[in-house]
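The values are calculated or read from the model by the stated rules, or taken from the named source; none is laboratory data. Please read all numbers here as calculations on a predicted model, not as lab measurements. Don't worry about glycine lacking a Cβ; one is built from the backbone with ideal geometry, like all the others, and counts go over all protein chains shown. Just so you know, the surface numbers come from the protein's heavy atoms only, side chains and all, with ligands and any DNA or RNA stripped out. Shrake-Rupley method; radii C 1.70, N 1.55, O 1.52, S 1.80 Å.
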Amino acid sequence: MAYVEKNLGKNEAIVKMADKNALFLVGTWIKGILLFWLFLIPLIKAIIATIKFLNVELAITNKRVVGKIGVLNTQALDAPLNKIQNVGEKQPFFGKIFNFSTITINTAAGEYVFNGIKSGAQFKGMIMAQIDQYEEDRVKQQANEMASAMASAINK
């Protein structure tokens with residue numbers, strides 16, 4: 001959670017941090033252990049996948065979606081809510097059983113994929129709800145600014 005907390009702006013608060021489900025790694029580790037005697041590569045892949053998984057952060061704030069993927073090669077997401085083009089959720093068979101999904105967020109800057117997110121459909125819904133709330137708040141703020149400008153112009 002360190003990355004998200006360090007990158008909060010003025011008057012910005014975390015609405016929801018994505019929970020990760022470590023059961024996402026079960027298939028990778030099973031392959032790594034079963035095929036260890038044949039090749040060392042599946043075990044190394046399982047270790048790398050675990051390290052990547054442990055270094056995934058994703059959060060919704062009242063103004064944007066913030067996230068980070070990776071350790072050595074990092075990919076950071078810092079997208080204002082009104083700039084998010086699409087949020088996708090993919091849940092494989094074992095994801096349905098163990099309650100994890102892959103969340104994909106598309107912005108003009110690119111596509112960001114977050115694996116192993118617990119209750120992915122619920123998290124996606126929270127992102128979409130926060131986008132709607134952000135738009136409502138923005139429209140209300142513009143209306144208030146216009147009303148105060150008109151009131152000050154009338155009083156002159």
Treat every Asp and Glu Cβ in region 56-156 as -1 and every Lys and Arg Cβ as +1, leave all other atoms uncharged, and give the resulting dipole magnitude about the Cα centre to the nearest 20 debye.
100
Net length gained if the chain between LYS140 and ASN62 were fully extended (0.36 nm per residue, minus Cα distance):
26.6 nm
When Lys and Arg each count +1 and Asp and Glu each count -1, what net charge do the other residues less than 11 Å away from THR107, Cβ to Cβ, add up to?
0
In Å, the Kirkwood estimate of hydrodynamic radius for region 14-96 over Cα pairs equals 14.8
Backbone HN-Hα couplings from phi across region 139-149 [Karplus 6.51/-1.76/1.60, Hz, Gly and Pro as x]:
5, 4, 5, 5, 5, 5, 5, 5, 5, 5, 5
Give the angle, between 0 and 90 degrees and rounded to the nearest 10, that separates the Cα long axis of helix 41-54 from the longest principal axis of the Cα atoms of the chain.
30
Give the accessible surface of the chain per residue, rounded to a whole number of Å², with probe radius 1.4 Å and ligands, DNA and RNA excluded.
64
For the chain, with +1 on Lys and Arg beta carbons and -1 on Asp and Glu, the positive-most of ALA143, ASN115, ALA22 along the dipole:
ALA22
Solvent-accessible area, 1.4 Å probe, carbon plus sulfur percent, for the chain
60
Assigned charges on the beta-carbon of Lys, Arg, Asp, Glu; region 1-109 dipole about Cα centre (debye):
100
Using only C-alpha atoms and all pairs of different ones, pull out the Kirkwood radius for the chain in Å with one decimal.
17.6
In debye to the nearest 20, the charge dipole size for region 51-101, taken about the Cα centre with +1 at each Lys and Arg Cβ and -1 at each Asp and Glu Cβ, equals 60
Taking a cut-off of 23 Å between Cα atoms, list the lysines near LYS31, but don't count ones fewer than 8 places away on the same chain.
LYS20, LYS45, LYS52, LYS90, LYS96, LYS118
